[in-house]
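Down below is the structure, laid out as structure tokens.
The values are calculated or read from the model by the stated rules, or taken from the named source; none is laboratory data. Bear in mind the structure is a predicted one, so any value in this text is a computation, not a measurement. For neighbour counting, all protein chains shown are included, and Cβ atoms are generated from backbone atoms with ideal geometry for every residue, glycine included. What goes into the accessible areas is simple: the full protein's heavy atoms, side chains included, and nothing from ligands, DNA or RNA. Shrake-Rupley method; radii C 1.70, N 1.55, O 1.52, S 1.80 Å.
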Amino acid sequence: MSGEQPWIHDVLERWEGPLLRYTRSITGDLETARDVVQDAFLRLCAQPRERVEARVAEWLFTVCRHRALDLRRKEGRMTELPPATLAAAASAEPAPTAVAEGRDLLALVDGLPPGQAEVVRLRFQEGLSYKEIAAVTGHSVGNVGFLLHTALKGLRARAQATEQVEGCAP
Amino acid sequence: MIDHDDPRLTAYALGELAPTERAAFEALLNYDPAARAEVEAIRDLGAALAGRLATVERPRLSEVQRGRVARAAAASGASRSPGRLAWVAALVAVLGASSIHQRFRSGLEGAFDAGTDEIETRITSKIGGDERPRERYVPTFLTEEEKTARLLVHGRPDDEVRLDHFTTIADPRSQRIRELLDVEFSGESRDQGLRRNDPSFVRLNALTGPPTPRGEHARANDNTFVPAADQPLSTFAIDVDTASYSLVRRHLRRQGALPPPDVVRIEELLNAFVYDLAPPTGEHPFAAHVEAAGCPWAPGRRLVRVALKGRDVDLDRRPRANLVFLIDVSGSMAPADRLPLVKQALALLVAQLRPDDRVAIVVYAGASGLVLDSTPLSRRAEVLAALERLEAGGSTNGGAGIQLAYDVAARHFVEGGVNRVVLCSDGDWNVGVQRPADLEALIAEKARGNVFLTVLGFGMGGYRDATLERLADRGNGHYAYVDTLAEARRVLVDQLQGTLVTIAKDVKVQVAFDPARVTAWRLIGYENRLLAARDFDDDRKDAGELGAGHAVTALYEVEPAPGAAPGPLLTLRLRYKEPEGQASRLLEAAFADDGRAFDRASADLRFAAAVAAFGMVLRESPHRGASTLALVEDLAGGALGRDPHGQRSEFLDLVRLARRGQ
């Protein structure tokens, strides 16, 4: 039989980095993220190609997300991604560190409620569409739109707030 | 003016609006310079974000890991046949195995969503000196040898890992799974493969695979036309379920596709909407309304609407209710028979509450949160909207959630009223911070203070969870397991109505058509609620319950007798029992058709016609006549009425979605 499946190699090349980067944002450490991403690819190998290829990124992110969340839950770290409703209701206040670090967008993203930060990463870091993000996170497409809109609004407000603080300095 | 909180601004800026929506939105933008500036700002920020986030390092797998993937990719080309097995296996450690079933499932939901159906083996090992079980995943498409190797690779010298035997979890659905298991792990290869690891002990539990969709919507064929000369009587039990509408909505919204015909039950679509019906004024607990008009999808036929409107119970009839829904929204609640069912079930309950009752919603998962503070049911739409928005996706921490729920209940305590926390969970309390004993003590104490606890278990595959049951005991409450909407109705409508109110039970409808004026008639929907004509007068035959304020709508399509002038058309008979009664009471009224055209019918009849036509199109009913989605949109658009809850415009949106999905 054909030993190699170049398509998986291509997929690995394309998505290994993004998946690790994203998964690490959930697990908090790279080694666990590596385990999760490795397993996702091993599972991918068991899939009929025709069934997953068209939406392979969606598939991989979904598998990694659930696995990572599951692991984190078991490790007892209770900083689970809350449901969207909670995320939206949660902190409108920027995390103190985000303010301290000024206008660094990265810090501002980290300061968002986790549900919002996640969709921002999936969209702007990994380039997933609303539909793909919805499939990965289990939110509805409408909810993804809402979370992103709220997140961007929040980011702008915070960026402006820090700007003003700086501007006010005598 | 476009509200700057409108998410379409961002969706538009990011090119995520569908073409038609995009065009419509652009038309709005043309007149709104502020919104255009907003779009620009969003684009700028998006670009800046993408630029900044791209600078984050992209890590790589280790060489060993990459090698493993490469080997698996190569091996899969040679040996994998698509979708060969659909089951899940778990290696469970000596420690921490108790709730592995639930935890395991919650971890896999997404994978199944993504369309996988392979086997997976999980190994949990207790690491010496560390009480926390450590878990590793072993895809079972690996050979036994590879699995063993994998186990050893991930194990540590001081791990306490032992191998034992395979067991399957008894589950009616798992017959095939067990067969597959037997094939996969039969004989010596299994034993040898695992014994190699002696002195290890691991139990392998084969769990059922992806939960099979529960919606076995046995397709009842549409009612057909019945010649009135042969059978003038139409008899059915009322039905106040609305689940089908939620399902249709979910299909259209989530999947952007038309729902399978089988999930569409027209009576449930009809009854999902609020109509402007006068409540009863006399001695009977409900009022009946009949109206007839031309049938919009079948020229020459008449469309007859029969509607019952239950009495709103007067304030003296029962104490006010102060309910707090405490809902588990952890990841394991995602399947259709859990959180989505919780939402439907509680919506059923909410529909029965009075405007002066209060409902609060507390969710618990990774964090507990008050999703909806105690809200009077005069703002029912808010409560329903808050329910509808709930999504699964966190972990479970029952302890803190319960404390919060009780706090909310206490803040809105109704002296002498119904004060109750309604807990809905799949029993997955895997990260409770509170010891069970503390939890029980808390619940018992609150019960003494007259805040009771009702526990509803969902999606646990049928086994009773001792924790939930004990909690309910302590809370002076009851524990029920809800696996279907029918069960939810039984529990929340029939049983919880012990504290809330049923105004009539065993309600039956019988329509006697006048054969001199009617050639044939057809009841639209209610296929699974039909009764034999003789059952109408048989008080031993159960039928549907009507709660306070409930309404029921049924439509008939009638072929008038040739040359029949407007006039007496039918006699409506209704039977019901008082909630505590044994003998039924009969209501009877004759109805004459005034021959009015469809355009002259009430907005309620016209809207109901739109809903029925929608249902017929979705069901691909042979009786849909000239019904099309375009017709539905026309009919609904012209019959929005006051639409206080926005239900009808939502329906209109769904119809448009359906037209796009067609």
Residue count for the stretch A:25-46, restricted to those that are within 7 Å of chain B (Cβ to nearest Cβ) and assigned to a helix (DSSP H, G or I): 9
Residue within the stretch B:641-649 that is at pLDDT below 95, open to solvent by less than 40 Å² (accessible area, probe 1.4 Å), assigned to a helix (DSSP H, G or I) and in the same structural domain as B:His289 (by TED's automatic domain parsing) present: yes
Failed item, numbered, when B:Ala533 is tested on (1) in contact with a Leu (Cβ under 6 Å, 6 or more places away or on another chain); (2) open to solvent by less than 30 Å² (accessible area, probe 1.4 Å); (3) not β-branched (Val, Ile, Thr): (2)
Enumeration of residues in the stretch A:143-168 that are modelled with pLDDT under 85 and at the interface with chain B (Cβ under 9 Å from one of its Cβ atoms): A:Ala159
Residue within the stretch B:410-419 that is crowded, with 22+ Cβ neighbours inside 10 Å, modelled with pLDDT under 90 and assigned to a strand (DSSP E or B) present: yes
Test: B:Asp337 is in contact (Cβ under 8 Å) with a residue 24 or more places away in the chain, more than 14 Å from every other protein chain (Cβ to nearest Cβ), more than 25 Å from B:Arg354 (Cα to Cα) and in a loop (DSSP other than H, G, I, E, B): yes
Test for B:Ser602: is it hydroxyl-bearing (Ser, Thr, Tyr) and more than 24 Å from B:Phe225 (Cα to Cα): yes
Residue satisfying all of: in the stretch B:560-580; free of Cβ contacts under 8 Å to residues at least 60 places away in the same chain and of a type outside the set (A, V, I, L, M); surrounded by the most Cβ atoms within 10 Å (Cβ to Cβ) among these: B:Pro566
Yes/no for A:Ala57 being of a type outside the set (D, E, K, R) and either more than 7 Å from chain B (Cβ to nearest Cβ) or surrounded by fewer than 21 Cβ atoms within 10 Å (Cβ to Cβ) (or both): yes
Matching option when the condition is in the same structural domain as B:Val509 (by TED's automatic domain parsing) and touching a helix residue (DSSP H, G or I) at 6+ places or on another chain (Cβ under 7 Å), among B:Leu631, B:Leu587: B:Leu631
The stretch B:340-385: number of residues that are assigned to a loop (DSSP other than H, G, I, E, B) and either open to solvent by less than 20 Å² (accessible area, probe 1.4 Å) or among the β-branched types (Val, Ile, Thr) (or both): 5
Count of residues meeting criterion [buried (at least 24 other Cβ atoms within 10 Å of the Cβ) and free of Cβ contacts under 8 Å to residues at least 12 places away in the same chain] in the stretch A:106-130: 1
Within the stretch B:386-409, tally of residues that are open to solvent by 40 Å² or more (accessible area, probe 1.4 Å), modelled with pLDDT of 85 or more and among the hydrophobic types (A, V, I, L, M, F, W, C): 1
Any hit, the stretch B:280-296, residues being away from chain A (no Cβ under 14 Å), among the charged types (D, E, K, R) and buried (at least 21 other Cβ atoms within 10 Å of the Cβ): no
